[in-house]
1. Can you give the extra length, in nm with one decimal, that the chain gains between Thr142 and Ala43 once fully stretched, where that is 0.36 nm per residue apart less the Cα-Cα distance?
2. For Gln237 and Ala52, what does the FRET efficiency come to when R0 = 51 Å and r is the distance between their Cβ atoms, rounded to the nearest 0.05?
3. Calculate the dipole size of the chain relative to its Cα centre from +1 charges on Lys and Arg beta carbons and -1 charges on Asp and Glu beta carbons; express the result in debye to the nearest 20.
4. Just check the range 95-139 against the gyration tensor rule for me: Cα atoms, a ≥ b ≥ c as the square roots of the eigenvalues, rounded for a/c under 1.5, and otherwise prolate or oblate depending on whether a/b exceeds b/c.
5. Stretch Ser244-Leu94 to full length: gain in nm at 0.36 nm per residue minus the Cα-Cα span?
6. Identify the residues of the range 98-126 with backbone N under 15 Å of a label point that sits 7 angstrom from the Cα of Arg153 along the Cα-to-Cβ direction, or state none.
7. Indicate the helices, whole DSSP H runs only, in the chain that combine a mean Kyte-Doolittle hydropathy of -1.0 or more with a Cα extent along their long axis of 27 angstrom or more.
8. Extension gain Ala228-Asp175, at 0.36 nm per residue separation less the Cα-Cα distance, in nm?
Amino acid sequence: MLEADDFLRASGISDFGDATVDALVGHYRKKGNRNSTINRKLAAIFKLLKKAERGGHIARLPTYLRLRERNNRVRFLTSDEERRIFDSIGSRNLHHKLLAIFLIDTGARVGEALALKWADVQNGNATFWITKSGRSRTIPLTQRALDAIEACREFGPAAGPFIRVPYQNFKYNWDTSKKECGLESDPNMVPHILRHTCASRLVQAGIDLRRVQTFLGHQTIQMTLRYAHLATNDLQQCARALNSLHH
């Protein structure tokens, strides 16, 4: 958004037209931004421009066609990969293994988990206040995630279960473990794969995409659609649901 602010200061919002949008897209591309990133940035800018249009500050909204995004299939961990990498992480640092368990069973971003406070865990639910979207969300926890949180108490008093885990230390342990497991050549084998794995397992279990979107805190359904190819094709569920209305 700082780049957009520079463009606005240079030309003024009243002159923010098609040429400005084209220049901004070119600027983002020079910075190496992917089409998906550019689309998200311009979507935020257009929200401001719509307000400006309603307020009479601009005559019309500039034209913008969404850039085509690559819809690559998302890499996720198999059960065997999960077991091997978690065991490897745990052999060096149990606290790190507990964090990994929590991440894969909640789909939380690493930063969300690290910022979690004890008061944010109530009645089997966890509330994440510091999120990428800026909107808090509350999700139910699996028994494994609850056990992982409870086990963190043995590491001494702290404001939250993972607050004492420095991200760089966790990332170093992760990288060491993936090398030990023979996965160092996989560019997708980063901690964020735990979030992808959670989402993939939910979709494979038949959870509808809207619920997965809410559970993960995706800002748009398009982000969740990356996992749509994993959805079950059991259309008998549709017939059973309709039948239940007549009995």
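What follows draws every value from the coordinates through simple rules; no lab data is involved. Here the structure is a predicted model, which means the values were calculated and not measured. Please note: Cβ atoms are built from the backbone with ideal geometry, for glycine as well, and neighbour counts cover all protein chains shown.
1. Taking 0.36 nm per residue and subtracting the Cα distance, the gain is 32.2 nm.
2. Working: r = 46 Å, r/R0 = 0.90.
Taking R0 as 51 Å, the efficiency between Gln237 and Ala52 is 0.65.
3. On the way: 38 positive and 24 negative charges, 117 e Å.
Once rounded to the nearest 20, the dipole reads 560 debye.
4. Values: a/c = 1.72, a/b = 1.25, b/c = 1.38.
Oblate is the answer for the range 95-139, as a/c is 1.5 or above yet b/c matches or exceeds a/b.
5. On the way: separation 150, 0.36 × 150 = 54.00 nm, distance 4.74 nm.
Answer, rounded to one decimal: 49.3 nm.
6. 118-124
7. Working: long enough: 35-54 (28 Å, -0.40).
Counting only whole DSSP H runs, the qualifying helices are 35-54.
8. On the way: separation 53, 0.36 × 53 = 19.08 nm, distance 2.92 nm.
Additional length available on full extension: 16.2 nm.
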